[in-house]
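Peer 1: The structure under discussion is supplied below as structure tokens; questions concerning it will follow.
The values are calculated or read from the model by the stated rules, or taken from the named source; none is laboratory data. Because the structure is a prediction, the values reported are computed rather than measured. So basically every Cβ, Gly included, is an ideal-geometry build from the backbone, and we count neighbours across all protein chains shown. Calculation scope for accessible area: heavy atoms of the full protein, side chains included, ligands and nucleic acids excluded. Shrake-Rupley method; radii C 1.70, N 1.55, O 1.52, S 1.80 Å.
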Amino acid sequence: MKIEMLYLLLGFATVLAQGQSTPPQPKITGVLTILTPKPGVTVEQIMKIMPAEIRATVPLYLDGKIQQWFTRGDGRGVIFLLNCKDVAEARALMESLPLSKENLVDEQFIPVGPLLPLGILLRDSPTNK
């Protein structure tokens, strides 16, 4: 079973266990942001802007806005876990960076938060009875 399906089933189990007809909304604690070069953008174009991009992202990391950052394993861009309250805040942050200003990257924003089904464990624990 794929892990995504497992989480989906766990989410439904949480809804059923709580007697709710609609799933609870997760608390957003960050935004996963994926940047990939736009089709037709060359490595040379990216590398020309990269020094300015690094100078702009390091302060964001040191200020805690970028919690984690990764290079994609397939070499097609980067992934940031941003300390932002919503996608709008994350988008504004990313669009202030040189690669975005030069319209060289596509951006994906995925709000993330704690795994909701874990609440079942706390609710059903002996200390909560």
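Table: residues versus (1) small (Gly, Ala, Ser); (2) in a loop (DSSP other than H, G, I, E, B); (3) in contact with a strand residue (DSSP E or B) (Cβ under 6 Å, 6 or more places away or on another chain).
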position	(1), (2), (3)
Pro24	no, yes, no
Lys27	no, yes, no
Leu32	no, no, yes
Leu35	no, no, yes
Ile49	no, no, no
Val58	no, no, no
Tyr61	no, no, no
Gly64	yes, yes, no
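Peer 1: Can you name the condition, by its number, that Phe80 falls short on among (1) open to solvent by 90 Å² or more (accessible area, probe 1.4 Å); (2) among the aromatic types (Phe, Trp, Tyr); (3) not in a helix (DSSP H, G or I)?
Peer 2: (1)
Peer 1: Let me ask you something else. Is it fair to say Lys48 is open to solvent by 40 Å² or more (accessible area, probe 1.4 Å), modelled with pLDDT of 95 or more and not hydrophobic (A, V, I, L, M, F, W, C)? Give the derivation first.
Peer 2: On the way: open to solvent by 40 Å² or more (accessible area, probe 1.4 Å): yes; modelled with pLDDT of 95 or more: yes; not hydrophobic (A, V, I, L, M, F, W, C): yes.
The answer is yes for Lys48.
Peer 1: Okay, next question. Which residue out of Leu122, Leu118, Leu62 is within 19 Å of the chain's Cα centre (by Cα), open to solvent by 70 Å² or more (accessible area, probe 1.4 Å) and more than 16 Å from Thr33 (Cα to Cα)? Break it down stepwise before answering.
Peer 2: Numbers: Leu122 fails: within 19 Å of the chain's Cα centre (by Cα); Leu118 fails: within 19 Å of the chain's Cα centre (by Cα).
The match here is Leu62.
Peer 1: Ok, one more. Among the residues of the stretch 90-106, how many are surrounded by fewer than 16 Cβ atoms within 10 Å (Cβ to Cβ) and not in a loop (DSSP other than H, G, I, E, B)?
Peer 2: 4
Peer 1: May I pose another question? For residues that are of a type in the set (Asp, Glu) and closer than 18 Å to Ile49 by Cβ, tally how many sit in the stretch 62-102. Give the steps one after another, and end with the answer.
Peer 2: Looking only at the stretch 62-102, we keep the residues that are of a type in the set (Asp, Glu), and these are 63, 74, 86, 89, 95, 102.
Filter again for closer than 18 Å to Ile49 by Cβ, leaving 95, 102.
Residues in the stretch 62-102 being of a type in the set (Asp, Glu) and closer than 18 Å to Ile49 by Cβ: 2 in total.
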